[in-house]
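Okay, structure first, notes after.
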Amino acid sequence: MSAGCGLSGITMCQVHREIDDAIARRLAALRWTRFLRLACDQKSQMPEVERAVRLLQAAGGHYREYFCYVLVKDVEDALEPVLFLKGLNVTPFAQPYRDFSTNLPPDEEQRRFARWVNHKAIFKTVPWESYRNPEPQSSQAWRNGGLAS
């Protein structure tokens, strides 16, 4: 198993498919690391990530320790893995895709999606569709503390 090690956690981008009971027990027993980082860049990886998380949880790992990168090329494709991870109590982290061959930055929707996912106060309280298409509030409603008059 090859995993990148850092001071704040272990990064296991594609290693989650190699996790078995013995490896899960060893990883769950680590106390010098804050996070165990996984990656779920495609919908096809969701079953592998779920299996790895279930094994780690069964071995005594705490769900707050799980962090999962999600590559955002298309927002509609990235939404399903993000909500799936949220349902597993895994912290998703959205990374907007940047094509270095064209040197174009991520588009506005990718950046908004990443902000929604990565800003936990928003992510935990506002559904994506509401954040994506906010309802305009009148200035009168704002003056009344957000209460419609």
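Quick notes
- In region 78-92, residue nearest to residue 52 (Cα to Cα) [restricted to those that are at pLDDT below 95 and either more than 8 Å from the chain's Cα centre (by Cα) or of a type in the set (Phe, Trp, Tyr) (or both)]: 88
- Residues that are touching a helix residue (DSSP H, G or I) at 6+ places or on another chain (Cβ under 7 Å) and either within 21 Å of residue 110 (Cα to Cα) or modelled with pLDDT under 80 (or both), drawn from region 35-57: 35, 36, 38, 40, 43, 46
- Scanning region 68-78 for residues that are assigned to a helix (DSSP H, G or I) and surrounded by 19 or more Cβ atoms within 10 Å (Cβ to Cβ) yields 75, 78.
- Residues in region 96-123 that are within 12 Å of the chain's Cα centre (by Cα) and among the charged types (D, E, K, R): 115, 120.
- Residue 72 vs. criteria at pLDDT 75 or above and within 13 Å of the chain's Cα centre (by Cα): yes
- Scanning region 38-75 for residues being within 15 Å of residue 90 (Cα to Cα) and polar (S, T, N, Q) gives a total of 2.
- Qualifying residue in region 58-67 (condition: closer than 30 Å to residue 25 by Cα, part of a helix (DSSP H, G or I) and at pLDDT 90 or above): no
The values are calculated or read from the model by the stated rules, or taken from the named source; none is laboratory data. Since this is a predicted model, take the numbers as computed values, not measurements. Heads up, the Cβs are rebuilt from the backbone with ideal geometry, glycines too, and the neighbour counts pull from every protein chain shown.
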